[in-house]
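Here the structure comes first, spelled out in structure tokens, and everything after it is commentary.
The values are calculated or read from the model by the stated rules, or taken from the named source; none is laboratory data. Every value quoted in this text rests on a predicted model; they were computed, and no experiment measured them. Reconstructed Cβ throughout: ideal geometry from the backbone, glycine too, with neighbour counts over all protein chains shown.
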Amino acid sequence: MKFSKQQQEKHEQAKALLTALGLPKAQCNDRSGWVFLALAHVKPSDSWKDASAPLLPTVNIMEFIRNEYGMDYKPNSRETIRRQTLHQFEQARIVDRNRDDPTRPTNSKDNNYSLNQPILAILAEYPDGGWLTKVQEYKEAVTELTALYERTLEKNKIPISLPNGDTIKLSPGKHNQLHADIVHEFCSRFVGASGRLLYIGDTASSRNEGGKLLFMEAEYLESLGVPPMSHDKLPDVIVYDKDREWLFLIEAVTSHGPVSPKRWIELEEAFKDCKVSRVYVTAFPGRAEFRKNAADIAWETEVWIADNPDHMIHFNGDRFLGPYQKKN
């Protein structure tokens, strides 16, 4: 691909900056150079002192590279850019993720990246000023910058209290907040003191990426006749009521669907060897989500709505909360 002299010069300067900042060789390559130019919003005819830090989703980064530098990355390159460049830039404290909303889920389509202030200070001096001094200041401060950034991320995580007194933390997001509400609000009302949390997922990564597992008592589940299985087969939350010998299989609905007839069949098959009775529950954060999904909910299952935590909706049963007996 043929680039103009200005385009080539800016690209080489971007890679030289990344090298000076101490990034590994894999993050000083051509792709990372283009991405750095996009993050700085520096066009071929711009001066580096004009660099800025717009909030850029990955797709906008790719658009800038294509429009200003003629490097056309295909749509399926988005994950490569995110995982092999932006992720490392974040770790090195070159960029901030979601500066506008640190509580945004890590798998949100609205995730964005922006250069941080120490990097902008370096660019303001590059290439003719005291930029190397600024680079040294950045390197000396990077440990402190990393700790501050991680404290900000940690502050926005959602705590879950376990029965043994331990606390685990879920990544921020509407779905994980519903997980916390299930443990703290639903279980306290409808399971009680004899309840034991056996599994909870974290939606920081999608199910397809295999990043759902957060907490699991695998041995206890096996003692109930639940065999090891991939996490995509499990519901979002599993709680066991030891007194009544009921296993609550709970799906949390903010984007994924409820316990539908299809999902009910899948769960019945996955838990067919379970030695205790099963109670199927779909949890919603509010009535709006419930209304959108009501037609898909399987009969003989339960519904709980977090913003009306004292009540449940029982779908066509001859009894209130509890397992349903199979009919011949």
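Can you tell me how many residues within segment 4-32 are in contact with a Ser or Thr (Cβ under 9 Å, 6 or more places away or on another chain), buried (at least 17 other Cβ atoms within 10 Å of the Cβ) and assigned to a loop (DSSP other than H, G, I, E, B)?
2
Pairs, please: C-beta under 6 Å, at least 6 apart or cross-chain, first residue more than 19 Å from PHE64 (Cα to Cα) and in segment 10-29, second surrounded by fewer than 14 Cβ atoms within 10 Å (Cβ to Cβ) and of a type in the set (A, V, I, L, M)?
Here the result reads none, with nothing in segment 10-29 linked to a residue that is surrounded by fewer than 14 Cβ atoms within 10 Å (Cβ to Cβ) and of a type in the set (A, V, I, L, M).
What number of residues within segment 33-49 satisfy the criterion of being assigned to a helix (DSSP H, G or I) and closer than 16 Å to GLN7 by Cβ?
Matching residues across segment 33-49 total 8.
Here's the yes/no breakdown for (1) modelled with pLDDT under 95; (2) under 21 Å from GLN117 (Cβ atoms); (3) basic (Lys, Arg); (4) assigned by TED's automatic domain parsing to the domain that holds ASP128:
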{"position": "HIS11", "(1), (2), (3), (4)": "no, no, no, yes"}
{"position": "LEU21", "(1), (2), (3), (4)": "yes, yes, no, yes"}
{"position": "ALA26", "(1), (2), (3), (4)": "yes, no, no, yes"}
{"position": "ARG78", "(1), (2), (3), (4)": "yes, no, yes, yes"}
{"position": "ILE94", "(1), (2), (3), (4)": "yes, yes, no, yes"}
{"position": "ASP100", "(1), (2), (3), (4)": "yes, yes, no, yes"}
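Can you name the residue in segment 252-297 that is of a type in the set (Gly, Ala, Ser) and within 21 Å of ASP241 (Cβ to Cβ) and, of all such residues, is modelled with the highest pLDDT?
ALA283
Residues being closer than 30 Å to GLU222 by Cα and either in contact with a Cys (Cβ under 6 Å, 6 or more places away or on another chain) or buried (at least 18 other Cβ atoms within 10 Å of the Cβ) (or both): count how many of those fall in segment 279-299.
8
Restricting to segment 213-263, name every residue that is more than 22 Å from the chain's Cα centre (by Cα) and either charged (D, E, K, R) or not assigned by TED's automatic domain parsing to the domain that holds ALA283 (or both).
Hits for segment 213-263 are GLU217, GLU219, GLU222, ASP241, LYS242, ASP243, ARG244, GLU245, LYS262, ARG263.
Between a residue in segment 170-192 that is in the same structural domain as ALA252 (by TED's automatic domain parsing) and on the phi > 0 side of the Ramachandran plot and any residue that is surrounded by fewer than 22 Cβ atoms within 10 Å (Cβ to Cβ) and of a type in the set (Asp, Glu), which pairs come within a Cβ distance under 8 Å, given they are 6 or more apart or on different chains?
From segment 170-192, the pairs are GLY192/ASP241; GLY192/ASP243.
How many residues are touching a residue at least 60 places away in the same chain (Cβ under 8 Å) and surrounded by 15 or more Cβ atoms within 10 Å (Cβ to Cβ) if we restrict to segment 254-270?
The total comes to 1.
For segment 271-292, name all the residues that are without any contact (Cβ under 8 Å) to a residue 40 or more places away in the chain and either more than 20 Å from HIS314 (Cβ to Cβ) or not assigned by TED's automatic domain parsing to the domain that holds LEU247 (or both).
LYS272, ALA288
Exactly one of these conditions fails for ALA193: (1) of a type outside the set (Ser, Thr, Tyr); (2) at pLDDT below 90; (3) within 21 Å of THR106 (Cβ to Cβ). Give me its number.
In the conditions (1) of a type outside the set (Ser, Thr, Tyr); (2) at pLDDT below 90; (3) within 21 Å of THR106 (Cβ to Cβ), ALA193 misses (3) alone.
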